[in-house]
Structures are given as C-alpha cells and as structure tokens.
Amino acid sequence: MHLYKTMKNFLMDFDYYIDLYENKIHVFNYTDILKLNDEEIILAMPSFTLALKGNNFSVKQLEKREILIDGQINQVVFTR
C-alpha cells in the first residue's frame, strides 16, 4: 500500500486535496486537527485552516493525514 500511495503522490503532484460530496467531505494531507466535535471541525492545512460547521459530524481516519467527515455540512470556511 505504501508504494501505491508514493506513486500516486508523485504522479499527481499535490500538497493536499479536498473532495466535497453530499453530506461528506474528504480531506487529504491535513496538518493537524485543531477542533473536533459533532458541530464544528477545524483542520490546519499546509497554507490555511479549513473550518466546517454543521450537525451530527462523524469522522473516520482513512490513512495518516487523510480524513472523511460525514454529517450535515452547513458551512465551509477557508482562512489564510
């Protein structure tokens, strides 16, 4: 699995990515989790912070520095 991730990162050449789905958000390569509860999640990214506000959040860590957030997302804020 490590070889696959290394090749994928090399070929795609990105520092991070964020995928938005209905009632889900997938974040790859966040730096730190600054705040985490069922109504607000704040992630430190390489060059900004990502704040999510909503209801009934649940979190799954997929890989190191990769997270899937499920719940009703009402607001997404990028702060530099």
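Rule-based calculations on the coordinates, nothing more; no lab input. Treat the numbers as computed from the prediction; the structure is a model and nothing was measured.
The table below lists the values:
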read-out: 222 nm mean residue ellipticity, helices alone, for the chain (DSSP H n ≥ 4; -39,500 (n - 2.57); rounded to 500); value: -4000 deg cm²/dmol
read-out: Angle in degrees between helix 2-12 and the longest Cα principal axis of the chain, rounded to the nearest 10; value: 80 degrees
read-out: Listed candidates (i) 1.24; (ii) 0.98; (iii) 1.45 - label of the one calculated as Rg/Rh (Cα atoms, Kirkwood Rh); value: (ii)
read-out: Contact order normalised by residue count of segment 16-79, Cα under 8 Å, 6+ apart, percent; value: 31 percent
